[in-house]
Amino acid sequence: MRSGKSGTNKKLVGRKCNKNERPPAAVRVRPLSQMEAVLKNLASTAELLAVAALSDAVDRWDKVTLSRAFHWARYCEHLYSRFHNKSPVRRIMEKQLQHTNQSLQAVFPGYTEISFSDLSRCKHLLLVALLNNLELPISIMKILFDTNSPVNTKQSEYQDVSGLCSHIIQCKSACKVLAPLTDMSAIGADAEVQGVMLMERLGALLSQGSEAWRTEHFLDSVLRGCEGGAQHFCLVIAAALLTKKNSAAQTALEDFLLDWLQTKHSKLQHMCSALPTALLIDLAKEHLKFRDAYFDVLKKWASDMEYSISEGEWVQTSTNQTVSFQRLTEHFLALFQACPSLREDVEKELNALKISDGDFDVRGLSVWGDLLSTLNK
């Protein structure tokens, strides 16, 4: 059921903006009145996102309303860039968002909370919200997908958003065309660029002294933003970890990203099953932490296998049914070929696991014994 009749919707749609409401070039926070104004604008933009996603009020939007909406989304991105590393102000804004989220959840069933980190991609959230709203009028769709009017980047009271989606499509198409020309063709040009941008953003957060949990929250936000595009997210992470910069700062960034990835067990397993083996081997050769995590994933896949008498083969039961026993052995062999020194230690561990299963040499009784036998053929 739509919530277009709510007081929140009426306030946002019926309200007129004047020139004095433009986001200031710099937001000063010491005077109480200005801080109150910032918090009010922050709450209003969160309400705007809720309306864009869940209300039938968007069917009354026109071009000016659309431009004004993106105007406020840019304002919130400015707030994030200005205050994300200023803990006292950030805490005040987080408290305001928490209060606003609670109010909006009472008005809009299915409302998704907005975190402070989400403000860094407010324009993206607004665009996705509008495109997913079935009440969005065709007139607004035509503006967003206008191919005759490129996005106007000139500064004005409200930036023209004509052709915004077409501009995004053109950029993604250019990345696809350029992909075969990159040295990292297994990753793709768009994922490679995003990987570099991800590392730059991580570097900025860590260099500004942000608490580790805030940086982790940023990565969680990126992960949520890639829902439905898990394969692409894996490519972006791979590209970030293979960024060629030899410095202590780069190593610290890679360690942070690897530590975070190891806490996302399901995502790490998906990464190991979805990425090309050659790309996984490049990561294993480059990063000892990834190599160890990769090996742990392979052991997890093996431990979750059961022997199927009807098929005469070991099959996955729950964890990752796309990984066959043959595919599992291919992963191990590729890892041994890339890291020969690893083979002896791995075989010792697999043999110990075989012994714990009863040390039988009969096929079908121990996945570890059958795995060793296949690897040594």
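The values are calculated or read from the model by the stated rules, or taken from the named source; none is laboratory data. This one's a predicted model, so the numbers in the text were calculated from it and none came from an experiment. In this analysis, Cβ positions are derived from the backbone assuming ideal geometry, glycine residues included, and neighbour counts consider all displayed protein chains. To get the accessible areas, we keep the full protein, side chains included, count just its heavy atoms, and leave off ligands, DNA and RNA. Shrake-Rupley method; radii C 1.70, N 1.55, O 1.52, S 1.80 Å.
Looking at LEU288, SER303, THR317, which one has the Cα that reaches farthest to the positive end of the dipole of region 276-365 (charges on Cβ: Lys, Arg +1; Asp, Glu -1)?
Sorting the options by dipole projection puts first LEU288.
Once you sort the root eigenvalues of the Cα gyration tensor of region 77-148 as a ≥ b ≥ c, which label holds: rounded (a/c under 1.5), prolate (a/b larger than b/c) or oblate (the other case)?
Working: a/c = 4.26, a/b = 1.58, b/c = 2.70.
Oblate, since a/c reaches 1.5 and b/c is not below a/b.
For region 192-301, with every protein chain kept in place, what is the accessible area per residue (1.4 Å probe, Å²)?
44 Å²
What is the packing order of peptides 37-47, 196-206, taking the mean over residues of other C-beta atoms within 10 Å and listing the highest first?
On the way: 37-47: 19.2, 196-206: 17.5.
Ranked from most to least packed, the peptides come out as 37-47, 196-206.
³J(HN,Hα) across region 358-368 via Karplus (A = 6.51, B = -1.76, C = 1.60, θ = phi - 60°), whole Hz, x for Gly/Pro?
x, 6, 7, 9, 8, 4, x, 9, 9, 5, 6
Residue by residue, what Karplus-based ³J(HN,Hα) values in Hz, rounded to whole numbers, does region 69-79 have, using 6.51, -1.76 and 1.60 with θ = phi - 60° and x for Gly and Pro?
4, 5, 4, 6, 5, 5, 4, 5, 5, 5, 4
Rg to Rh for region 254-322: what is it, with Cα atoms only and Rh by Kirkwood? Please report the intermediate quantities before stating the final value.
Details: Rg = 13.5 Å, Rh = 13.0 Å.
So for region 254-322, dividing Rg by the Kirkwood Rh gives 1.04.
Ignoring any ligand, DNA or RNA, what whole percent of the accessible area of region 331-377 comes from carbon and sulfur when the probe is 1.4 angstrom? Mind showing how you got there, number by number?
Working: 1340 of 2630 Å².
Its accessible area is 51 percent carbon and sulfur atoms.
Given R₀ = 56 Å, what would the calculated FRET efficiency be for ALA334 paired with ARG60, taking r from the Cβ atoms and rounding to 0.05? Let's see the in-between values first.
Details: r = 58 Å, r/R0 = 1.03.
E(calc), rounded to 0.05, equals 0.45.
Once amide H atoms are built 1.01 Å from N in the peptide plane, which residues 5 or more positions from TRP314, or in another chain, come under 5 Å H to H?
Here SER308 satisfy the definition.
Rounded, prolate or oblate: which fits region 45-94 when a ≥ b ≥ c are the square roots of the eigenvalues of the alpha-carbon gyration tensor, with rounded for a/c under 1.5 and prolate only if a/b beats b/c?
Values: a/c = 5.17, a/b = 2.20, b/c = 2.35.
Oblate is the answer for region 45-94, as a/c is 1.5 or above yet b/c matches or exceeds a/b.
Ranked from the most accessible area to the least, with a 1.4 Å probe and all protein chains present, what is the order of ASP304, ASP296?
On the way: ASP304 25, ASP296 85 Å².
The residues order as ASP296, ASP304, largest area first.
By the scheme Lys and Arg +1, Asp and Glu -1, what is the net charge of all other residues having a beta-carbon under 13 Å from that of SER308?
Numbers: positive: ARG363; negative: GLU306, GLU311, GLU313, ASP370.
It works out to a net charge of -3.
How much accessible surface does TRP72 have with a 1.4 Å probe, in Å² rounded to 10?
Approximately 20 Å² of TRP72 is accessible to the 1.4 Å probe.
Give the ranking of THR215, THR263, THR317, THR322 by solvent-accessible surface, highest area first, calculated with a 1.4 Å probe. Can you show the working numbers first?
Values: THR215 0, THR263 85, THR317 60, THR322 110 Å².
Most to least solvent-accessible, the answer reads THR322, THR263, THR317, THR215.
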